[in-house]
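J.: Below you'll find the structure I mean.
Read-outs: derived from the displayed coordinates by stated rules, not from any lab. Predicted model, so just to flag it, every value in this text is computed and none were measured. Positions of Cβ are backbone-derived with ideal geometry, glycine not excepted, and every protein chain shown enters the neighbour counts.
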Amino acid sequence: MNRRVIILILDSLGVGFMEDAKDYHPQDVGANTFAHVLDAVPSITIPTFEQLGINKILNHPNLKNYEHMASYGVCNLMHHGADSFEGHNEIMGTKPKKAYLAPFIENMEKVKQGLEKEGYRVSIPKPDLPYLLVNDLVIIADNIETDYGQIYNVSAPLDYITFNEVLKIGQCVREHVKVNRVIALGGENVTPQHLQNSVEKRADGLIGVNSPKSNVYQKGYQVRHLGFGINPEHQLPTLAIKAGLQVALVGKMQDVIYCEGAKKSPGVDTEQVMQDVLTEMDEIEKGVIAATVQETDLAGHAQNPERYANRIEVVDSYLPKVLTKMRADDLLIMSADHGNDPTIGHNQHTREKTYLLAYHKQWKPVHLGERETLSDIAATAADYLKLANIENGTSFLPLIEQQRKE
């Protein structure tokens, strides 16, 4: 049995705000990323999405209603807020844990002492703009590109220090804080002084490196996300590897999911991500191919519905090739990790349900209903691959497997 599961995530392609948004994220009430992109760009052409059955979920007048090919439903977010890292780890089977929110200044002394105990030289070079400087190279501070108090960045100039050493510093920070994420990152052609000159204070008081301004993304960029309360041992990719299956992580998926032994294909460009998916379909005999298209999320942050629509169209143009390459024992699951409505009036993620499409050549499409968590994706994939011990989620495989085509 050479079963494969192909998981394709379009980052931030939500389909309507969650009920609890009115209590915790009132700025997101009214958000519907997919529908509002369709409203803003009525010329969008996504025939394969339509054939799979996306309009069974959206019921949008700009889309055609075909005799749909895929089973369909929606997923609620179990994680708090609307976060790509937490969303992806939830997709892979982790039960989200409630993290502690605090600006880095509140944990700075504790982290400084922890690092010094490990033998690092740590200073606070600018008391009026406080951050930690480790060995005169690495900056530890707030992530100023996300929600308040959720993430601390460990930023480094990789011409002067190896990424493995940066990762050790990041892991030390992770041990001393309970925030959602610690991100170890760095790039080449970045001087220590330029990195320090890129530190800024945000309007709400957060202090950190302006990563785009620092140029860490330009050459030799490396990153590792260290999450709170996440155990890869009970996630789909690691369970698959331990069962002797193959795993390929493509695009942003390989940035945010840790899996020792997986083949990793980094990439942001949508066409490259989709081409890599097709390549892995030629090379992976049995196991998991999991990919994330990131440029949709970037378009949401830029509040650019035209760009967002274009990125969906690019994915749609590759979907016929994906469907053609699918074997009789392949299962394709498509979804998102949250929303990022480019028309809502702010440039942050929106707390939205996600679309859910599941296609298998031998099964008739069914309604999958409204799922409690994104982890149902991993639970279903694990069920299909005969893997046990996924941490979270309920398989919808029984709903679709019983509808075999004659």
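J.: Note the full-extension length gain between Q193 and E370 as 0.36 nm times their separation in residues minus their Cα-Cα distance, in nm to one decimal.
T.: Numbers: separation 177, 0.36 × 177 = 63.72 nm, distance 5.09 nm.
That works out to 58.6 nm of additional length.
J.: In nm, what is the difference between 0.36 nm times the number of residues separating N59 and E109 and their Cα-Cα distance?
T.: Details: separation 50, 0.36 × 50 = 18.00 nm, distance 5.29 nm.
So the chain would gain 12.7 nm between N59 and E109.
J.: If you stretched the chain out fully between A102 and K286, how much longer would it get, using 0.36 nm times the residue separation minus the C-alpha to C-alpha distance? Intermediate values should be presented prior to the final figure.
T.: Details: separation 184, 0.36 × 184 = 66.24 nm, distance 4.30 nm.
Roughly 61.9 nm would be gained on extension.
J.: Here is a further query. Got a sec? Which residues in the stretch 305-326 would a label at D269 touch, if it sits 7 Å along Cα→Cβ and we count backbone N under 13 Å?
T.: From the stretch 305-326, the list is empty.
J.: If you don't mind, there's one more thing I want to ask. Test of understanding: extend the Cα→C-beta vector of N231 to 7 Å, then name every residue of the stretch 364-399 with backbone N under 12 Å from that spot.
T.: Residues 389-392 qualify, since their backbone N sits under 12 Å from the label point.
J.: To the nearest 0.05, how large is the calculated FRET efficiency for M1 and E175 if R₀ is 45 Å and r is the Cβ-Cβ distance? Walk me through the intermediate numbers first.
T.: On the way: r = 42 Å, r/R0 = 0.92.
Computed FRET efficiency for M1 and E175 comes out at 0.60.
J.: If the label point is 7 Å along Cα→Cβ of Q362, which residues in the stretch 319-336 have backbone nitrogen under 12 Å from it?
T.: In the stretch 319-336, the label zone of Q362 (backbone N under 12 Å from the point 7 Å along Cα→Cβ) covers 327-331.
J.: Would you list the membrane-span-like helices of the chain, meaning whole DSSP H runs whose alpha-carbon atoms span at least 24 Å along their axis and whose mean Kyte-Doolittle value is at least -1.0? Present the calculation step by step, with values, prior to reporting the outcome.
T.: On the way: long enough: 305-325 (30 Å, -0.55).
Span-like helices here: 305-325.
J.: Once the convex hull of the C-alpha atoms of the stretch 1-41 is built, how many Å³ does it hold per residue, rounded to a whole number? Each step should come with its number before you reach the end.
T.: Numbers: hull volume 4.8 nm³, N = 41.
Spelled out: Cα convex hull of the stretch 1-41, divided by residues, is 117 Å³.
J.: Rank by packing, highest mean first: peptides 180-187, 370-377, with packing defined as the count of other Cβ atoms within 10 Å averaged across residues.
T.: Numbers: 180-187: 25.0, 370-377: 23.2.
The peptides rank, most packed first, as 180-187, 370-377.
J.: Considering amide H positions built from the backbone, and no H for Pro or chain starts, which residues 5 or more places from K286, or on another chain, come under 5 Å of its amide H?
T.: Q246
J.: Pop out the ³J(HN,Hα) list for the stretch 42-53 in order, Karplus 6.51 cos²θ - 1.76 cosθ + 1.60 with θ = phi - 60°, rounded to Hz; leave Gly and Pro as x.
T.: x, 7, 4, 10, 9, x, 6, 4, 4, 5, 5, x
J.: Also, I was wondering about something else. Between A243 and T279, what is the label-point separation in nm under the 7 Å Cα-to-beta-carbon projection?
T.: So the label points at T279 and A243 sit 2.7 nm apart.
J.: Collect residues whose amide H, placed 1.01 Å from N in the peptide plane, falls under 5 Å from the amide H of M69; neighbours closer than 5 in sequence don't count.
T.: Residues meeting the amide H criterion: L52, G53.
J.: Here is a follow-up. Can you tell me what percent of all Cα-Cα pairs in the stretch 77-227 are more than 19 Å apart? Before the final figure, lay out the partial values.
T.: Numbers: 5602 of 11325 pairs.
The answer is 49 percent, as a whole percent.
J.: If you don't mind, there's one more thing I want to ask. Radius of gyration and Dmax for the chain's Cα atoms, expressed in Å?
T.: Gyration radius and largest Cα-Cα distance of the chain: 21.2, 72 Å.
J.: Right, next: Normalised by the number of residues in the chain, what is the relative contact order in percent for Cα pairs under 8 Å and 6+ residues apart? Mind dumping the intermediate values first?
T.: Details: 966 pairs, mean separation 118.6, N = 406.
Reported as a whole number, the value is 29 percent.
J.: What's the local net charge at V256, with K and R +1, D and E -1, over the other residues with C-beta under 14 Å away? Before the final figure, lay out each step's value.
T.: On the way: positive: R181, R224, K252, K264; negative: D11, D83, E86, E90, D255, D297, D337.
Net charge around V256: -3.
J.: Which net charge results for the neighbourhood of Q294, defined as the other residues with beta-carbon distances under 12 angstrom from its beta-carbon, given Lys and Arg at +1 and Asp and Glu at -1?
T.: Details: positive: K252, R311; negative: D11, D255, D269, E295, D297, D337.
Net charge in that neighbourhood comes out at -4.
J.: Right, something else. What net charge do the residues around T94 carry, taking every other residue with its C-beta under 9 Å from that of T94, with Lys and Arg at +1 and Asp and Glu at -1? Provide the component values of the computation, followed by the final result.
T.: Details: positive: K95, K97; negative: E86, E90, E391.
Net local charge, T94 excluded: -1.
J.: Still on this structure: Sort 26-38, 127-139 by packing, meaning the average of other beta carbons within 10 Å per residue, with the highest value first.
T.: Numbers: 26-38: 21.5, 127-139: 17.4.
Ranked by mean Cβ neighbours within 10 Å, highest first: 26-38, 127-139.
J.: Please list, in chain and number order, the residues 5+ apart from L132 or on another chain whose amide H is under 5 Å from its amide H, with Hs placed from the backbone.
T.: Under 5 Å from the amide H of L132 lie the amide H atoms of I140, each far enough along the sequence or on another chain.
J.: Estimate the FRET efficiency between Q402 and N210 by the formula 1/(1 + (r/R0)^6), using the beta-carbon distance for r and 45 Å for R0, to the nearest 0.05. It would help to have the intermediate numbers written out before the result.
T.: On the way: r = 53 Å, r/R0 = 1.19.
Step by step, r from the Cβ atoms, then E = 0.25.
J.: I would also like to ask the following. Using θ = phi - 60° and the Karplus curve 6.51 cos²θ - 1.76 cosθ + 1.60, what whole-Hz ³J(HN,Hα) does each residue of the stretch 65-78 get, with Gly and Pro shown as x?
T.: Going residue by residue, I get 9, 9, 6, 5, 8, 10, 6, 9, x, 9, 10, 7, 8, 8 Hz, with x marking Gly and Pro.
J.: Another question, then. What order, most packed first, do the peptides 334-342, 348-356, 116-124 have when packing is the mean number of other Cβ atoms within 10 Å of each residue? Before the final figure, lay out the partial values.
T.: On the way: 334-342: 28.4, 348-356: 26.1, 116-124: 12.7.
Those peptides, ordered most packed to least, come out 334-342, 348-356, 116-124.
J.: So, one more: Round to the nearest 0.05 the FRET efficiency obtained for L129 and K168 when R0 = 35 Å and r is the Cβ-Cβ distance. Display every interim value, and only then the final one.
T.: Values: r = 26 Å, r/R0 = 0.73.
Approximately 0.85, to the nearest 0.05.
J.: Here is a follow-up. State the antiparallel share, in %, of DSSP beta bridges confined to the chain, rounding to the nearest 5.
T.: Details: 30 of 63 bridges.
Antiparallel bridges make up about 50 percent of those DSSP assigns within the chain.
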